[in-house]
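The values are calculated or read from the model by the stated rules, or taken from the named source; none is laboratory data. On a predicted model such as this, the values are computed, not experimentally measured, just so you know. Here the Cβ is made from the backbone with ideal geometry for all residues, glycine too, and neighbour counts use every protein chain on show. SASA here: full protein model, heavy atoms, side chains in, ligands and nucleic acids out. Shrake-Rupley method; radii C 1.70, N 1.55, O 1.52, S 1.80 Å.
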Amino acid sequence: MAFTKRQRLPQLAVCLLVVSGLAPAQGSSPGPDSAPSLPSVTFTQAFPRATPAYLSLRIDSAGHAAYESRREEGEPSQPELGEPYRIEFVISQATARRVFALAETLNYFQGDWDFKKHRIADTGRKTLLYSDSSRSHQTTYNWSENSALQELTEIFQGISNTQEAAHELNRLRRYDRLGLNHQLERMEDMAKNGWLRELQVIAPLLEKLVNDREIMHIARQRAQRLLQLAASPAPAKLH
């Protein structure tokens, strides 16, 4: 499913209703191992006015991940989706195993777990897709009471949070070094609340900040604390 360079959010929502859960667009950077025999789980979320407004994260059973996101640009009354941010990386085996264990618990997404007992706040239209050489199943939801679905959603959103935070760090390092301290402080707060996952993926960037004597000392200290957290074997929290 390919998206145009700039696309109105209502158009995107229609597309996601049709092919919700598909991997990143054709013509983009290749996703995780594309061998049809390698199982994969893909999470997509469309949430206008959020940052990002659209995201897709595909993880295969070997831990290869492909991430894509788009942010809103233009006038608030007529927002458009900007250029896609895409990156590939490898997650920890522990997280990869947990993702597929939860997918199995959820019968590989053959079911409807969307909360429908009464009207609740919109938290974005989410889709989980499981695919391997012989089957493909997906489920779409806003929010769910199911604990396994909640945990899986938190894993994918946490990895997205880490990638978006790193994307912003790279931008600030290039254009606004004085803003790095605030961003790193925000990341520390997110880590305290368990909202960042797979910090080890961005360890090389954190190392660069720690060793960059052209940025504020306090910012380097924050980067060092996050780097230490990234080296921990489990998704611990800052205290």
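In table form, for the structure just shown:
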read-out: Residue-normalised accessible area of the stretch 123-197, expressed per residue, 1.4 Å probe, Å²; value: 46
read-out: Selection of trypsin sites (Lys or Arg not before Pro), the stretch 201-235, meeting DSSP coil and at most 13 other Cβ within 10 Å; value: ARG213
read-out: FRET efficiency, 1/(1 + (r/R0)^6) with R0 25 Å, evaluated for SER232 and ASP176 via beta carbons; value: 0.25
read-out: Carbon + sulfur, % of accessible area of the stretch 141-180 - ligands and nucleic acids excluded, 1.4 Å; value: 44
read-out: Peptides 165-173, 59-67, 196-204 ordered by average Cβ neighbours within 10 Å, highest first; value: 59-67, 196-204, 165-173
